[in-house]
Amino acid sequence: MKYTDLGDLIDRDPKTISRTVKGKTAPNLNTAVLICFGLNLPPMISEKLLDVLGCKLKPFDPEHQWISEALHVKYPEPLWAVKEYLEQYDVAI
């Protein structure tokens, strides 16, 4: 997938994605999670990528718990379905 395609899908600047992939910048948690969902990464790969990007989910943070659950139960659904699921729990990514 091209950076521009992923950027359009997750509503992020393709340059941000490029800098993240090249290790020039560290993304915030929301951007990192969106990349995982946008690429339809399996849950274990998503968790590893979040760790590598320095965006580890905190097990005692309720929002992080819902994101973690979405990584598992909504894989490999489209991003709109993931966002809709998380909105039920007042989690916006």
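The values are calculated or read from the model by the stated rules, or taken from the named source; none is laboratory data. Nothing here was measured: the structure is a model prediction, and the numbers come from that model. When we count neighbours, we look across all protein chains shown, and the Cβ atoms used for this are built from the backbone with ideal geometry, even at glycine.
The set of residues from the stretch 68-90 being under 18 Å from Asp11 (Cα atoms), free of Cβ contacts under 8 Å to residues at least 40 places away in the same chain and surrounded by 18 or more Cβ atoms within 10 Å (Cβ to Cβ) comprises just one member, Leu86. Any residue in the stretch 4-11 that is in a helix (DSSP H, G or I), hydroxyl-bearing (Ser, Thr, Tyr) and buried (at least 19 other Cβ atoms within 10 Å of the Cβ)? No, the stretch 4-11 has no match at all.
So is Met1 farther than 16 Å from Leu86 by Cβ and modelled with pLDDT of 95 or more or not?
Working: farther than 16 Å from Leu86 by Cβ: yes; modelled with pLDDT of 95 or more: no.
So Met1 fails the test.
Residue check: Asp51 meets all listed conditions (1) surrounded by 13 or more Cβ atoms within 10 Å (Cβ to Cβ); (2) charged (D, E, K, R); (3) assigned to a helix (DSSP H, G or I) but one, namely (1).
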